[in-house]
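Chemist: First the structure, which I've put down as structure tokens, then a few questions once you've had a look.
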Amino acid sequence: MKTIEFDPNGPILKVNFKFSGFILASYTYTLWEAESNHKVVYEKGNNQNPQDDSYQLPMPVKANDGRLIQLRTEFLAQDPDNVEKYTITAEVYQGDTLLDKAEDQGDNTGSAQSSLIFIKLKAS
Amino acid sequence: MKKLVFILSWLVTTTLLAQSPEDTTLVKNFRLDFAVPDMPAFKMLGTNPSNILRPSSPQALSLMISEFGGGDELILPKSFAAEIAPYILIKSGSLTLDDYDKNSEIYSLRLSIGTERDPENNSTSRLAVGARMTLMDEGDLKNDKEYRDYVLKFLSNKSIIKDKFQSEFLIQNNLTIQTVVQNDSLRQEMSDFIDDKLDKYEQNFDYRLDTLKQGFKQRNWNKKKLDVAVGMLGSSPDSLAKNVEFNKFSLWSTYGSPVGKNGQLLLGFNYNYFSNDSTEYGVTSLTSRLYGGSNSYKGFGELQIKRDENLESNFIYMALGGEINIKDGIWANISAGLERNWTDNNSAFVSHFDLRFTIPEKLKLF
């Protein structure tokens with residue numbers, strides 16, 4: 001699990017999801033409350049349109065301290081013979097600045113595949 | 001003689017088409033348009049009397065060699081050609097779905113280069129370059145929006161169900177998600193719990209997805225396809241190809257269409273323009289080829305009409321042939337037929353054999 005630090009007094013936080021390796025991907029994005037099983041945000045999406053795979057985290061910014069981002073992706077490679085690797089990335093931005101990212105990489109198999117990424121947010 | 005060839009051609013193709021029409025495995029594996037590459041640069045070398053350029057799906061890298069033998073000696077191939085799909089090679093793992101949707105024609109672009117060795121002095125005597133694109137491919141699942149919507153919905157349901165089982169695990173074990181993700185053994189336990197529940201709930205989710213995929217493939221495999229290609233051929237007096245002069249330019253267009261469940265008809269157009277110091281002329285061909293068989297073993301019958309402006313002659317070419325998948329990534333292509341000069345009333349038997357190589361499915365390059 002990756003821990004990403006942010007400025008509690010800085011601009012709004014944002015998370016971006018990217019799916020490369022020529023895959024069809026559907027995902028669920030969950031923002032878990034700190035030390036709790038309460039889901040602050042729960043969204044569903046897919047990689048048909050990359051413009052809608054970006055989500056602003058709730059305000060105030062400092063309220064995100066200790067929260068956990070979960071990206072669960074179910075995917076299927078479209079041309080595994082030619083495009084043999086996939087990469088699924090979750091990037092955390094504060095304003096326009098990329099703070100850090102978590103990646104899952106692997107081989108495309110041509111059958112249904114899964115990926116699970118967690119990022120813990122920590123106020124610096 | 002031509003009647004005999006025609007009857008034999010008809011018998012072979014109809015026999016092949018009649019084989020197990022309800023055999024779903026045959027239908028599933030019958031991916032004629034996905035099998036063996038055909039390269040413009042190789043065609044330019046003129047090693048095969050057939051002028052049809054069969055449609056094929058892009059491969060990152062493929063090779064063709066031909067004409068090995070000379071008398072009793074085993075010698076190096078006389079002709080060699082290689083084809084690459086530059087967009088696939090460059091983008092590879094960084095390719096997104098959006099990239100593909102915006103550049104699907106460029107994705108299908110393939111560039112080829114071929115050389116032919118002069119057997120007399122063992123030097124390169126001819127050099128060919130070619131390019132091809134697939135303008136229409138209704139049979140390709142990558143382009144099927146309905147298939148894509150089905151798969152995305154299927155995958156979305158799986159993701160949502162997994163989240164539900166995850167919550168169930170947390171409640172049952174009185175754990176928070178933060179506790180689980182920081183402990184590898186708990187995380188594995190949660191993953192096993194989800195997979196186990198998923199198998200019971202969905203009764204092998206992956207099998208259902210594969211079934212969906214195969215269903216679309218069976219429905220799609222013989223849909224329409226249109227390829228176009230161009231190429232040019234140069235001659236060089238030396239092995240270093242320093243003074244290559246291009247004197248042949250070619251254009252191909254090939255349309256593929258289904259014939260029943262187990263057959264595929266290709267209709268091809270080819271125009272060659274020749275230019276040298278003394279003359280300029282064109283050669284035009286119209287070709288039809290009918291395939292039948294399975295992906296690994298297939299036969300075909302072919303009929304071609306050609307007009308040669310230089311000889312002021314019309315030719316007809318009839319052939320029977322086959323393609324065999326020898327091993328993963330290795331194909332043999334063999335054909336034999338009769339070419340008849342319709343204007344001068346003379347005939348000649350023609351045969352052809354080549355080997356084709358693509359990256360084996362089991363080999364991982366990137």
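Only the coordinates and a few stated rules stand behind these numbers; no lab work does. Note that the structure is predicted; figures quoted are calculated from it, not measured. Quick reminder, even Gly has a Cβ in these numbers, built from the backbone with ideal geometry, and neighbours come from all protein chains shown.
Chemist: Could you calculate the FRET efficiency of residue B:164 with residue B:309 from 1/(1 + (r/R0)^6), where r is the beta carbon distance between them and R0 is 56 Å, rounded to 0.05?
Modeler: That pair, residue B:164 with residue B:309, gives E of 0.20.
Chemist: Just to confirm the filter: which GluC sites (Glu not before Pro) across region B:226-319 are DSSP coil and have at most 15 other Cβ within 10 angstrom of their Cβ?
Modeler: B:309, B:312
Chemist: Structure shown: which of B:200/B:223; A:18/B:142; A:62/B:91; A:18/B:145 lie over 29 Å apart, alpha-carbon to alpha-carbon?
Modeler: B:200/B:223; A:62/B:91
Chemist: Right, something else. Report, as an integer, the average count of C-beta atoms from other chains found within 10 Å of each Cβ along A:69-78.
Modeler: What the average comes to for A:69-78 is 5.
Chemist: How many nm separate the modelled label positions at residue A:54 and residue B:153, each set 7 Å beyond the Cα in the direction of the Cβ?
Modeler: Here the answer is 3.0 nm between the modelled labels.
Chemist: Here is a follow-up. Provide the convex hull volume over Cα atoms per residue for region B:310-353, in Å³.
Modeler: 72
Chemist: So, one more: Straight distance only, please: which aspartates and glutamates reach the Cα of residue B:197 with their own Cα at less than 15 Å, same-chain residues fewer than 8 apart left out?
Modeler: B:163, B:168, B:189, B:206
Chemist: A further question on this structure: With just the Cα atoms of region A:52-124, tell me how far they stretch along each of the three principal axes, in Å, largest first.
Modeler: Per principal axis, max minus min of the Cα coordinates gives 46, 22, 20 Å.
Chemist: Averaged across B:49-56, how many Cβ atoms of other chains sit within 10 Å of each residue's Cβ atom?
Modeler: Counting Cβ atoms of other protein chains within 10 Å of each residue's Cβ and averaging gives 0.
Chemist: Between residue B:230 and residue B:273, what is 0.36 nm times their sequence separation minus the Cα-Cα distance? Round to one decimal in nm.
Modeler: 14.3 nm
Chemist: What residues of region A:26-49 lie in the reach of a label at residue B:173, counting those whose backbone N is under 20 Å from a point 7 Å from the Cα along Cα→Cβ?
Modeler: A:30-39
Chemist: I need the GluC sites (Glu not before Pro) found in region B:89-168, filtered to DSSP loop residues with at most 11 other beta carbons within 10 Å of theirs.
Modeler: Answer in residue order: B:120.
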